[in-house]
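Data block below; observations after.
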Amino acid sequence: MLSLPNLPIDSVSIQGVSFDLLRLDLIDPVTGGNKWFKLKCNLDAFREGGYESIVSFGGAWSNHLAALAEMCRREMIPVTAIVRGEKPDNLSPTLQRAMDSGMQLKFVSREEYRQFRSGMLKPEIFFAGKILVIPEGGANEAGIRGCGEIISLIPSAYSQVLLPVGTGGTMAGILKAYNGSAAFTGIKVLEANQEQLIHSAIGEKAVPWLMESSYTFGRYAAVTDELQLFVAEWNSLNSAGIEPVYTGKMCFGIVDMIKKGRFSENDRILGIHTGGMQYLSH
């Protein structure tokens, strides 16, 4: 059982705008961020269920796969990733790190990947022994439950809380467990129906939340010149480093929303740094 760490909240500023940032990235250089919360409960399920290995899913820039690979290395758990797309000549830094941690990579076509995600293809058919299947991004019941623990790190003084959203599992877990008065905004890092997972997790619970899709920059892991320049400027000004796939898009969105008057002068704004810095540190 992994214990919940104490994490700082940094005051950050750029382009005349300031807000606070909860540093989930400081949990661990590789397994830190929201992935730590998602995977801790999944590894508990692995140990309690008598499983022999783990199979999960992701793309070339999946922070989930990199974190899962390292956690499994430390626990000496065999793990395989089903990776979306044909095997490239050169692996992304994220997949290279996962492979260096001992993860086996099985590349499949995008159509086969869709069939795995939809349940038409079952990983159990292709892998021997009793396997624990963890979905893309760790967004299952165990992962959502783990992300609920993040609320203990959010002080009640904040009226607006924002976080980057990939699968939606982190936001689902936070909203399901939250009983305070803050409003939550998910900054989508890709166009997808993350709302479906969130609605399924929280039901009719009365907590204010919305999704903002203006800062995907076209697709997942898309990096435009504008976003690249923003991330470079941010990292030159703030000790809390960001990357352009997750937290970079969120911070860009927060700054833009503040400039456009989306929040009141009395709002206290907290962004959640969900990690992913292995994207830059390989």
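Once region 79-132 is narrowed to residues that are more than 16 Å from Ala66 (Cα to Cα) and among the β-branched types (Val, Ile, Thr), the residue that is surrounded by the fewest Cβ atoms within 10 Å (Cβ to Cβ) is Ile125.
With respect to the conditions (1) within 29 Å of Leu95 (Cβ to Cβ); (2) touching a strand residue (DSSP E or B) at 6+ places or on another chain (Cβ under 6 Å), Pro208 lacks only one, and its number is (1).
Table: residues versus (1) farther than 14 Å from Ala139 by Cβ; (2) in contact with a Pro (Cβ under 6 Å, 6 or more places away or on another chain); (3) at pLDDT below 95; (4) among the hydroxyl-bearing types (Ser, Thr, Tyr).
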residue: Lys35; (1), (2), (3), (4): no, no, yes, no
residue: Phe57; (1), (2), (3), (4): no, no, no, no
residue: Ser62; (1), (2), (3), (4): no, no, yes, yes
residue: Ala67; (1), (2), (3), (4): no, no, yes, no
residue: Arg73; (1), (2), (3), (4): yes, no, no, no
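Taken together, Ser152, Ser200, Ser156, Ser214 contain a single residue that is assigned by TED's automatic domain parsing to the domain that holds Arg262, among the small types (Gly, Ala, Ser) and touching a Ser or Thr at 6+ places or on another chain (Cβ under 9 Å), which is Ser156. Taken together, the residues in region 55-79 that are farther than 21 Å from Leu190 by Cα and either assigned to a helix (DSSP H, G or I) or over 19 Å from the mean Cα position of the chain (by Cα) (or both) amount to 12. Looking at Arg97, is it modelled with pLDDT under 95 and more than 23 Å from Glu243 (Cβ to Cβ)? Judged against the criteria, Arg97 is not a match.
In the set (1) under 24 Å from Ile14 (Cβ atoms); (2) more than 13 Å from the chain's Cα centre (by Cα), Glu243 fails one condition alone, (2).
Filter region 233-261 down to the residues that are at pLDDT 95 or above, surrounded by fewer than 15 Cβ atoms within 10 Å (Cβ to Cβ) and not hydrophobic (A, V, I, L, M, F, W, C) and list them by number. Glu233, Ser236, Lys259, Lys260, Gly261 - these are the residues of region 233-261 that are at pLDDT 95 or above, surrounded by fewer than 15 Cβ atoms within 10 Å (Cβ to Cβ) and not hydrophobic (A, V, I, L, M, F, W, C).
Here Arg47 passes the criteria (1) assigned to a helix (DSSP H, G or I); (2) over 12 Å from Ala98 (Cβ atoms); (3) in contact (Cβ under 8 Å) with a residue 40 or more places away in the chain except the one numbered (3).
Looking at region 25-37 only, could you name the residues that are in a helix (DSSP H, G or I) and buried (at least 24 other Cβ atoms within 10 Å of the Cβ)? Steps first, answer last, please.
Let us first name the residues in region 25-37 that are in a helix (DSSP H, G or I), namely 25-27, 34-37.
Result: Asp25, Asn34, Lys35, Trp36, Phe37.
Consider region 107-131 and keep the residues that are among the hydroxyl-bearing types (Ser, Thr, Tyr) and modelled with pLDDT of 90 or more. The one that is farthest from Phe46 (Cα to Cα) is Ser109.
The values are calculated or read from the model by the stated rules, or taken from the named source; none is laboratory data. It should be emphasised that the depicted structure is a prediction, and the values quoted were computed from it without experimental measurement. Reconstructed Cβ throughout: ideal geometry from the backbone, glycine too, with neighbour counts over all protein chains shown.
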